[in-house]
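**Student:** One structure, pasted below without further comment.
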Amino acid sequence: MAKVSIITPAYNCKKTIKETYESIYAQTFSDWEWIVVDDHSNDGSFEYIKEITAGDNRVLVLQTPQNSGAAVARNLGIEKACGRYIAFLDSDDLWKKEKISHQIKYMQENNYFFTFTNYDLLYSNGKIKQHRVKYDVITYRTLLKSNHIGCLTVVYDSQALGKVFMPLDCEKREDHGTWLDITKRGTSAYRLDEYLSIYRIGEKTVSSNKTKMMKYQYRLYRKHEKFSVIKSVWYTFICSINKLLKKY
């Protein structure tokens, strides 16, 4: 049984997925499985992923019956995962080669069940900027005010927490909803103060419709957290302010 299951949702990603795979293949920690779930791409990504990973028995390539979104794809991957530790990496992001080894060691030495790290921001012009999360420990209350945890940096222990699936009632905020679900149990998230992942800054990061983004955030509080209208509006406002204060 693989110790770490890496979950990647994929959609029309032929331009970036090979580099993502290479960053996983280069890991100094070798006891992993990579579960790639193609969300019914229409650019040949599914076939391409199978082609570039042919011969690597640590890779499982799946496909959703229809385009259903990243949360559904990730949940299918989590369902099929055999590893004790669950990690996430999107199809256009990258890991540094020590990512898994350093993070698993950190978790085991400290008996942590839910961890994250700092990460690099890679801009389309090739510029790289470090993003250091300001909190060493993140609780449920901290997460209510803003999502400080990069999905590509997370590892959680499914032996201790069980398999935690991404909620389907908070579109575009499913990772935030997942971290809330974990921390509301009383499990905090602990930061490993290293830069071990590379997040591509592009169209996926910058929204042209700020109102729509606020609606997604409001739905997270109203539908998923089941807060009152007033409480949901308040936390949406706080989260929006914190988002504006970010340096990227």
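**Student:** In the stretch 132-146, is there at least one residue being in a loop (DSSP other than H, G, I, E, B), closer than 15 Å to Ala87 by Cβ and either touching a strand residue (DSSP E or B) at 6+ places or on another chain (Cβ under 7 Å) or at pLDDT 95 or above (or both)?
**Tutor:** No; the residues of the stretch 132-146 include none that is in a loop (DSSP other than H, G, I, E, B), closer than 15 Å to Ala87 by Cβ and either touching a strand residue (DSSP E or B) at 6+ places or on another chain (Cβ under 7 Å) or at pLDDT 95 or above (or both).
**Student:** Of the residues in the stretch 202-228, how many are in a loop (DSSP other than H, G, I, E, B), at pLDDT 90 or above and not aromatic (Phe, Trp, Tyr)?
**Tutor:** Of the residues in the stretch 202-228, the ones in a loop (DSSP other than H, G, I, E, B) are 202-209, 225-228.
Then drop every residue that is not at pLDDT 90 or above, which leaves 225-228.
From the residues that got through so far, the ones that are not aromatic (Phe, Trp, Tyr) too are 225-226, 228.
Counting residues in the stretch 202-228 that are in a loop (DSSP other than H, G, I, E, B), at pLDDT 90 or above and not aromatic (Phe, Trp, Tyr) gives 3.
**Student:** Shifting gears a bit: Any idea how many residues of the stretch 121-131 are of a type in the set (S, T, N, Q) and at pLDDT below 95?
**Tutor:** Looking only at that region, the number is 2.
**Student:** Another question, then. Does the stretch 185-201 hold any residues that are more than 13 Å from Phe113 (Cβ to Cβ), part of a loop (DSSP other than H, G, I, E, B) and of a type outside the set (A, V, I, L, M, F, W, C), and which are they? Spell out how you get there, then give the answer.
**Tutor:** To start, the set of residues in the stretch 185-201 that are more than 13 Å from Phe113 (Cβ to Cβ) comprises 191-201.
Restricting the remaining residues to those that are part of a loop (DSSP other than H, G, I, E, B) gives 201.
Scanning the stretch 185-201 gives no hits.
**Student:** Then there is this: Looking only at the stretch 164-182, filter to residues that are surrounded by fewer than 23 Cβ atoms within 10 Å (Cβ to Cβ) and in contact with a strand residue (DSSP E or B) (Cβ under 7 Å, 6 or more places away or on another chain); which one of those is farthest from Trp32 (Cα to Cα)?
**Tutor:** Among those that are surrounded by fewer than 23 Cβ atoms within 10 Å (Cβ to Cβ) and in contact with a strand residue (DSSP E or B) (Cβ under 7 Å, 6 or more places away or on another chain), it is Ile182.
**Student:** Next up: Which one of the conditions (1) out of contact with any helix residue (DSSP H, G or I) (no Cβ under 7 Å at 6 or more places or on another chain); (2) under 26 Å from Phe227 (Cβ atoms); (3) assigned to a helix (DSSP H, G or I) does Ile182 fail to meet, given that it meets all the rest?
**Tutor:** Of (1) out of contact with any helix residue (DSSP H, G or I) (no Cβ under 7 Å at 6 or more places or on another chain); (2) under 26 Å from Phe227 (Cβ atoms); (3) assigned to a helix (DSSP H, G or I), only one is false for Ile182: (1).
**Student:** Here is a check on your reading of the model: is Lys127 more than 17 Å from the chain's Cα centre (by Cα), farther than 27 Å from Lys223 by Cα, charged (D, E, K, R) and surrounded by fewer than 15 Cβ atoms within 10 Å (Cβ to Cβ)? Before the answer, list the steps.
**Tutor:** Numbers: more than 17 Å from the chain's Cα centre (by Cα): yes; farther than 27 Å from Lys223 by Cα: yes; charged (D, E, K, R): yes; surrounded by fewer than 15 Cβ atoms within 10 Å (Cβ to Cβ): yes.
So Lys127 passes the test.
**Student:** Could you give every pair whose Cβ atoms fall below 7 Å, whose first residue belongs to the stretch 44-57 and is more than 15 Å from Tyr11 (Cβ to Cβ), and whose second residue is part of a helix (DSSP H, G or I), counting only separations of at least 6 or pairs across chains?
**Tutor:** Sorted first by the residue in the stretch 44-57, then by its partner, the pairs are Ile52/Lys18; Ile52/Tyr21; Thr53/Tyr21.
**Student:** Among the listed residues Tyr235, Tyr199, Tyr216, Tyr156, identify the single one that is touching a residue at least 24 places away in the same chain (Cβ under 8 Å) and over 29 Å from Ile17 (Cβ atoms). Reasoning before the result, please.
**Tutor:** Details: Tyr199 fails: over 29 Å from Ile17 (Cβ atoms); Tyr216 fails: over 29 Å from Ile17 (Cβ atoms); Tyr156 fails: over 29 Å from Ile17 (Cβ atoms).
Step by step, each of Tyr235, Tyr199, Tyr216, Tyr156 is checked, and only Tyr235 is touching a residue at least 24 places away in the same chain (Cβ under 8 Å) and over 29 Å from Ile17 (Cβ atoms).
**Student:** I'm told Tyr140 meets every condition in (1) crowded, with 16+ Cβ neighbours inside 10 Å; (2) closer than 20 Å to Leu244 by Cα except one. Can you identify the failing condition by its number?
**Tutor:** Among (1) crowded, with 16+ Cβ neighbours inside 10 Å; (2) closer than 20 Å to Leu244 by Cα, Tyr140 violates only (2).
**Student:** Just for the stretch 147-171: of the residues that are part of a loop (DSSP other than H, G, I, E, B) and over 16 Å from the mean Cα position of the chain (by Cα), which one is modelled with the highest pLDDT?
**Tutor:** Within the stretch 147-171, the match that is modelled with the highest pLDDT is Gly162.
**Student:** Then there's this: Taking Thr153 as the residue in question, decide whether it is closer than 25 Å to Val72 by Cβ and touching a strand residue (DSSP E or B) at 6+ places or on another chain (Cβ under 6 Å).
**Tutor:** yes
**Student:** Sticking with this one: So in the stretch 79-91, with the set limited to residues that are more than 15 Å from Phe29 (Cβ to Cβ) and over 12 Å from the mean Cα position of the chain (by Cα), which one is surrounded by the most Cβ atoms within 10 Å (Cβ to Cβ)?
**Tutor:** Only one residue fits best here, namely Ala81.
The values are calculated or read from the model by the stated rules, or taken from the named source; none is laboratory data. Predicted model, so just to flag it, every value in this text is computed and none were measured. Reconstructed Cβ throughout: ideal geometry from the backbone, glycine too, with neighbour counts over all protein chains shown.
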